[in-house]
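Contents: one structure, followed by commentary.
The values are calculated or read from the model by the stated rules, or taken from the named source; none is laboratory data. Here the structure is a predicted model, which is why all the values come from computation and not from measurement. Don't worry about glycine lacking a Cβ; one is built from the backbone with ideal geometry, like all the others, and counts go over all protein chains shown.
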C-alpha cells in the first residue's frame, strides 16, 4: 500500500497534488494521446461547425458515460462462465480501491487497461465518424475529459481540502459513494447530473450506511 509521501502531509496544496499526479502512468498516457490527437487534427484541417458541436455533446453525455462505466464495468460482479471466471483487471483494481481509497496508485486507471481503452477510442475516432477531422476532434476532446476525470478522482482522494463550492460538491458526492453507500453517487467529475436523473443521488440522510462499501459485493468471490 502506498500512502507515504506528500499525500499524508497535514498541509497539502494543489502544487503537492500536481507533483504526485504526474508520478503515475495514466496521466502521461492520456496526455500523450491528447498531443498526438491535436497534432493530427491540425494537420487534417477541414474545420466545420460540427467540430464545435462535438464537444458540447460530449460534455452533456460524459456524466452518463461515467455512470455506465462505474455501474457496469467497475462494479462488475465476477461470474463463472463455462468454468472460467469473468472478471476484468478494471473491476479487480476497483474493488481494491474501495478496500483502501487512500492507496494512491489504485486511484488511477490501470495503465494496462488504459492502453486498450486508448486503442478503442482511436478506432472509434477513425471509423465511427463521417470525416477524419470530426473523429479527431472527438478523440482530442475525449482525452481532455479523461485528464479531467483522472485529476478530479485523484484530488478527491488526496488530502487536498475543498476550497470552492463546485469542488466541495463533487468531493462530497464521490466520498458518499465510498464511505456512505456504494450503490449510489456514481459520477466523479460532477454532482447532481447523471446520478440525479438516474435516481442514484438520494438525500444522504435517507440512505443506510452500507456494510460493504469497502468490500464490494460483500462476500466470497468465485475462484
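Determine which member of the set 36, 40 is in a helix (DSSP H, G or I), over 24 Å from the mean Cα position of the chain (by Cα), modelled with pLDDT of 95 or more and crowded, with 16+ Cβ neighbours inside 10 Å.
Unique residue meeting the criteria: 40.
Being exposed (fewer than 15 other Cβ atoms within 10 Å of the Cβ) and touching a residue at least 24 places away in the same chain (Cβ under 8 Å), is that true of even one residue in the stretch 176-183? Lay out the reasoning, then the answer.
We begin by selecting, within the stretch 176-183, every residue exposed (fewer than 15 other Cβ atoms within 10 Å of the Cβ); these are 179.
After this cut, where a residue has to be touching a residue at least 24 places away in the same chain (Cβ under 8 Å) as well, the list is 179.
The answer is yes; a qualifying residue exists.
What are the residues in the stretch 78-103 that are modelled with pLDDT under 95 and loosely packed, with under 13 Cβ neighbours inside 10 Å, if any?
Within the stretch 78-103, 79, 80, 81, 82, 83, 84, 85 meet the criteria.
Given the residues 209, 189, 137, which is the only one that is in contact (Cβ under 8 Å) with a residue 24 or more places away in the chain, over 16 Å from the mean Cα position of the chain (by Cα) and either outside any loop (DSSP other than H, G, I, E, B) or under 25 Å from residue 32 (Cα atoms) (or both)? Spell out how you get there, then give the answer.
Working: 209 fails: either outside any loop (DSSP other than H, G, I, E, B) or under 25 Å from residue 32 (Cα atoms) (or both); 189 fails: over 16 Å from the mean Cα position of the chain (by Cα).
Testing whether each residue is in contact (Cβ under 8 Å) with a residue 24 or more places away in the chain, over 16 Å from the mean Cα position of the chain (by Cα) and either outside any loop (DSSP other than H, G, I, E, B) or under 25 Å from residue 32 (Cα atoms) (or both) leaves just 137.
Mind checking whether some residue in the stretch 157-166 is in contact (Cβ under 8 Å) with a residue 60 or more places away in the chain, surrounded by fewer than 20 Cβ atoms within 10 Å (Cβ to Cβ) and part of a helix (DSSP H, G or I)?
no
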